[in-house]
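Below is one structure, written out as structure tokens; the observations come after it.
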Amino acid sequence: MIEVSVKTQINDFEKLAAQLSDKAVATATSRAINRALTSGVVFIKKSIKSEFNIKNADLKQMKINKSSSSSLTGTIAVGRRPISLTHFNPVFYTSNKNGASKISINRRGNKTIKSSRSQSGGGVTFEVFKGKKVNIPYAFMINNDKQKPVFARGKYVGGGSNYNFIKRDKRLVSTGPDLPITKLNTTSVYGALQNRTVNKDVNTTVMDLYSKRLEVELKNLINRL
């Protein structure tokens, strides 16, 4: 969560604030906080997309909790829900008695199944970080148009930073389909924001936006006196 509070900057603008009533200062401060948060969301999305192959639809997991003149704190809440591996351009080669097939899902979420000469490179290849393809050798996709998820045999355990997938190496039943299988996920928007490259400038940038906007809002109200 990114937080902007009156306590961090108002002392820097005492001379301007002294020309206004407390109510007017609170109004200017609240407006500045909310404008900074709105611009901050744009900056966060841009920073995440510079490193991660994340869709705009997934970046909607952000919510601005606005400031008011009676509560001079605003926040950007960032979603912690893991994003499906389906959203990161997965590719899977499979073969059966009818030959080899390439199964893939594009950026728009459209699944295609094409005949392929290649039967190598087991598992599913995907791209979470831009330009860095990764392969999970035990993952797979199902050869039909309805099932889009990337699956694996195993389960997720733990929570928070200890949320991990534990692969299952043995069948649980001796006959029939080798079930259960689990849909694979990857990072959340919150997780992407914790990346050092993404996170290093976010707080500083949002506070700079607030500082600049507060000066503008205070001067606007002074000019109306």
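Read-outs throughout are calculated quantities, based only on the coordinates presented, and are distinct from any laboratory measurement. Being a predicted model, the structure only gives us computed values, none of them experimental. Positions of Cβ are generated from backbone atoms using ideal geometry, with glycine treated the same way; all protein chains shown enter the neighbour counts.
Between amide H atoms placed 1.01 Å from N, distances below 5 Å from F129 occur with N53, all of them 5 or more places distant or on a separate chain. Taking a Cβ cut-off of under 10 Å around K155, the surrounding Lys, Arg, Asp and Glu residues balance to a net charge of +3, with basic ones at +1 and acidic ones at -1.
Report the net charge of residues surrounding V216, where surrounding means a beta-carbon distance below 10 angstrom and charges are Lys +1, Arg +1, Asp -1, Glu -1.
Numbers: positive: R31, R35, K212, R213, K219; negative: E215, E217.
After counting each charged neighbour, the total is +3.
Result for the chain in a Gaussian network model with C-alpha springs under 10 Å: among P177, P82, P90, the largest mean-square fluctuation is at P177. Once both axes come from the Cα atoms, what is the angle between helix 202-223 and the longest principal axis of the chain, in degrees from 0 to 90, rounded to 10? Roughly 30 degrees, rounded to the nearest 10. Residue-wise HN-Hα couplings along the range 25-37, as the Karplus relation 6.51 cos²θ - 1.76 cosθ + 1.60 with θ = phi - 60° gives them from phi, are 4, 4, 5, 4, 5, 4, 4, 5, 4, 5, 5, 5, 5 Hz; Gly and Pro carry x. For the range 47-62, 3J(HN,Hα) computed residue by residue from phi via the Karplus equation (6.51, -1.76, 1.60; θ = phi - 60°) reads 5, 5, 5, 6, 10, 10, 8, 9, 6, 4, 4, 6, 6, 6, 6, 10 Hz, glycine and proline entered as x. Can you tell me which lysines have their Cα less than 16 Å from the Cα of K219? Leave out same-chain residues fewer than eight positions away. In chain and number order, the partners are K15, K23. Identify which of the listed values of P(r) over Cα pairs in 10 Å bins from 0, in percent was calculated from the structure shown: [x] 7, 25, 24, 17, 12, 9, 5, 1, 0; [y] 7, 30, 38, 21, 3, 0; [z] 8, 31, 31, 20, 8, 2. Given [x] 7, 25, 24, 17, 12, 9, 5, 1, 0; [y] 7, 30, 38, 21, 3, 0; [z] 8, 31, 31, 20, 8, 2, the structure-derived one carries the label [x].
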